[in-house]
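Working notes for the structure below.
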Amino acid sequence: MQLLRPKISIGFLIFSTCFMLSSQEMGFEEYNPTPTIVLPKNEVKKAKFPFIDVHSHQFRMATQNLSDLISDMDQMNMGIMVNLSGGNGENLRLAMENVNKNYPNRFVVFANVDFENVGTEGWAEKTVAQLTADVKNGAKGLKIYKSLGLRYKDVSGNRLAVDDERLDPIWAKCGELGIPVLIHSADPKSFWDPFDSDNERWLELKTRPGRKRSATDPVPWEQIISEQHNVFKKHKKTKFINAHMGWYANNLAKLGELLDAMPNMSVGIGAIIAELGRQPRNAHAFFVKYQDRILFGKDSWKPKEFPTYFRVLETDDEYFPYYKKYHAFWAMYGLDLPDEVLRKVYYKNALNLIPGLDKSLFPNN
């Protein structure tokens, strides 16, 4: 008996072969497998305690409808939002007017300094006078953007260093006024490192090439960070909040040394939760040891991303996803922090650093 064999066309074979080859060829950007591991889930949509977000940006606070923000804040148990983008002068005054009229105890506004024209006659005096007026109008702190050290130049065209002595009156005035300075200097060191297979930020730099820097763009990473630390050490009476854990969340031993050396420096965890979530035991020990020096902050205002922060800080969950693959292609693990440490990170430390906050919003304060 003769077996019947199906006829397969040459075209079909070519198509099948090409399909299999194309399905196996993919770049790192596309490779994003669904984990097969089955683990307990303790997703946290709402923080265990009311919290203060010390690192938020609302550029239209002078005119925006704040009730929309309040709705999102209440859903996640945010007691107070610190808007670091208050500007100065009239813009800040109008922002405070909107806040005071509608939700005076739920929003805090930080002032900003314009570093253009440093070196012109009377610049420092005018800037300090403006900052003083902004604080009188309700600003609770000063936010310094990374453009200081990266982009700003003085009137002679020279890069304006973070520790330029012409800026000293600003830091001194903040100490005198009793307001903190939340400062962001540089970016992750990987942005300055070679763009090769050893760089953890390869995917981010490939998809966002404008973030890549070199030792001459504008200067080495170490130089900018050193300039920032020089300011902290020189102005011991001023309280500084180092944004993004000073870019040392991936080296907590070094960060601990810096905290020991600079008692007027605290750190915020904005945009670096992925670093903490991959070293749960080490980070847990760090948070316990430096529990009085760490503040909650998120940075970008995307409410759907906050639960990852809560889950990393509050639970002992294992191997759960971060929300931006290009930022962190690894999985997260929970730190399982004690309640008292959580309270300090969520609100107590901010209450101690930022003047005039409504403590009645927070239990056990």
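The values are calculated or read from the model by the stated rules, or taken from the named source; none is laboratory data. This is a predicted model, so every value here is computed, not measured. Here Cβ is always computed from backbone atoms with ideal geometry, including for glycine, and neighbour counts include all displayed protein chains. Note: areas computed on protein heavy atoms with side chains; ligands, DNA, RNA excluded. Shrake-Rupley method; radii C 1.70, N 1.55, O 1.52, S 1.80 Å.
Dipole of the chain computed with +1 at Lys/Arg Cβ and -1 at Asp/Glu Cβ about the Cα centre; of SER147, ASN77, PHE191, farthest Cα towards the positive end is ASN77.
Mind checking which of LEU131, LEU295, MET61 is farthest towards the positive end of the chain's charge dipole, using Cβ charges of +1 (Lys, Arg) and -1 (Asp, Glu) about the Cα centre? Among LEU131, LEU295, MET61, the one farthest towards the positive end of the dipole of the chain is MET61.
Per residue, the chain exposes an accessible area of 50 Å² to a 1.4 Å probe, with every protein chain left in place. If you plug the beta carbon distance of ALA331 and ASP74 into 1/(1 + (r/R0)^6) with R0 = 25 Å, you get a FRET efficiency near 0.25.
Dipole size of the chain about its Cα centre, with +1 on Lys/Arg Cβ and -1 on Asp/Glu Cβ: approximately 480 debye, rounded to the nearest 20. Modelled spin-label separation between VAL38 and GLU25, with each label point placed 7 Å from Cα along the Cα-to-Cβ direction: 3.8 nm.
Placing unit charges on the Cβ atoms of the charged side chains and taking the dipole of the chain about its Cα centre, the candidate lying farthest along the positive direction among ILE224, ILE179, LEU255 is ILE179.
Normalising the average separation of contacting C-alpha pairs (under 8 angstrom, six or more residues apart) by the number of residues puts the relative contact order of the chain at 17 percent. The helix-based estimate of mean residue ellipticity at 222 nm for the chain, built from -39,500 (n - 2.57) per DSSP H run of four or more residues and divided by its residue count, is -10500 deg cm²/dmol to the nearest 500.
Taking Cβ atoms as reference points and 15 Å as the exclusive limit, the residues near TYR347 contribute a net charge of +4, counting Lys and Arg as +1 and Asp and Glu as -1. Only beta bridges with both residues in the chain are counted; by DSSP, about 10 percent of them are antiparallel.
Place a label point 7 angstrom from the Cα of GLU121 along the Cα-to-Cβ direction, then list the residues of region 146-164 whose backbone nitrogen is under 18 Å away. From region 146-164, the list is 155-156. Where in region 68-107 does the label zone of GLN130 land, with the point 7 angstrom along Cα→C-beta and an amide N cut-off under 14 Å? Only 86-93 pass the distance filter. Extending 7 Å from Cα along the Cβ direction at LYS302 and again at PHE195 yields two label points whose distance is 2.2 nm. Distances between placed amide hydrogens fall under 5 Å for LYS153 paired with LEU160, all partners being 5 or more residues away or on another chain.
If you stretched the chain out fully between GLU257 and GLU176, how much longer would it get, using 0.36 nm times the residue separation minus the C-alpha to C-alpha distance?
Details: separation 81, 0.36 × 81 = 29.16 nm, distance 2.70 nm.
Result for the pair: 26.5 nm of gain on full extension.
Using the Cβ-Cβ distance between ASP339 and ASP168 with R0 set to 56 Å, the FRET efficiency from 1/(1 + (r/R0)^6) comes to roughly 0.85. What does a probe at ARG281 reach in region 249-268, counting residues whose amide N is under 17 Å from the point 7 Å along Cα→Cβ? Answer for region 249-268: 252-253.
For region 240-282 versus region 24-46, the inter-centroid distance based on Cα atoms is 27 Å.
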